[in-house]
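The structure under discussion appears below in the form of structure tokens.
The values are calculated or read from the model by the stated rules, or taken from the named source; none is laboratory data. Since we're looking at a predicted model, the values are computed, not measured. Ideal geometry is used to build each Cβ from the backbone, glycine not excepted, and the neighbour counts take in all protein chains shown. Side chains included, ligands, DNA and RNA excluded: accessible areas come from the protein's heavy atoms. Shrake-Rupley method; radii C 1.70, N 1.55, O 1.52, S 1.80 Å.
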Amino acid sequence: MDIISKNSISIAGEFAVLSQLVLRGFDANMTLGHTKGVDILVSDPIRNKMFKMEVKTHLGKFPSRSKTVGWVMSEKHEKIVDENLYYCFVNIDINPHIFKFYIVPSAVVAKYVKESHEHWLTVNNHNPTSMREFTLALSEDNYAIETPLAKDYENKWNFRNDLL
């Protein structure tokens, strides 16, 4: 298989999310990098509400024995809490190209990214870094910090309930 650039993976994730939103009756438009921190602007014509979506995409084998799945984030994601912002974390299985989508409110992401980084610094006695990770638990095991469950966010496309 040819090497796929990070940019191509990101764009594939964004188009996949865009198509899912449109198929569900939302009016959705990609920002194509012109709107900082937002990949897709979404309008719900039924509720007459707008929201934003940031897409994070990972290409690889779906975890088979792993208890978590994660995406690289940055320090800024600890502070972004907006009731109209959702993250769509996309996991693309390398072969065959099967997509999994996890739609998570920004407040959940910010809380986890901050707490997990603080825990990592404490346990590993590392110097601070701007790199972070957002992780979803694939099982209900006990984790060192409260970790959001993948099953609570997988394919959670019905924003109409959240936007009431």
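The figures follow:
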| quantity | calculated |
| --- | --- |
| Estimated FRET transfer efficiency when R0 is 30 angstrom, pair Leu121-Val81 (beta carbons, to 0.05) | 0.90 |
| Lysines with Cα under 27 Å of Lys67, excluding same-chain neighbours fewer than 8 positions away | Lys6, Lys56, Lys76, Lys79, Lys100, Lys111, Lys114, Lys151, Lys156 |
| Approximate spin-label separation Ala107-Ile3, in nm, with each point projected 7 Å along Cα-to-Cβ | 4.3 nm |
| Protection proxy ranking of 15-27, 78-90 - average other beta-carbon atoms within 10 Å, highest first | 78-90, 15-27 |
| MRE, 222 nm, helices only [DSSP H, n ≥ 4, -39500 (n - 2.57), over the chain, to nearest 500] | -8000 deg cm²/dmol |
| Surface share of carbon and sulfur [accessible, 1.4 angstrom probe, percent] for the chain | 51 percent |
| Net charge of neighbours whose Cβ lies under 12 Å from the Cβ of Val113, counting Lys and Arg as +1 and Asp and Glu as -1 | +1 |
| Dimensionless Rg/Rh of the stretch 62-164 - Kirkwood Rh, Rg from C-alpha atoms | 0.98 |
| For the stretch 1-118, Kirkwood radius (reciprocal of mean inverse C-alpha pair distance, Å) | 15.2 Å |
| Cα-based convex hull, the stretch 93-150, per residue volume (Å³, whole number) | 122 Å³ |
| Considering only the chain, percent of DSSP beta bridges that pair antiparallel, nearest 5 | 70 percent |
| For the stretch 1-160: relative contact order, % (alpha-carbon pairs under 8 angstrom, 6 or more apart) | 20 percent |
| Crossing angle, helix 106-124 versus the chain [Cα axis fit, 0-90 degrees, rounded to tens] | 20 degrees |
| Cα-based Kirkwood hydrodynamic radius, the stretch 9-53, one decimal, Å | 10.7 Å |
| Accessible surface, the chain, averaged per residue in Å² (probe 1.4 Å) | 59 Å² |
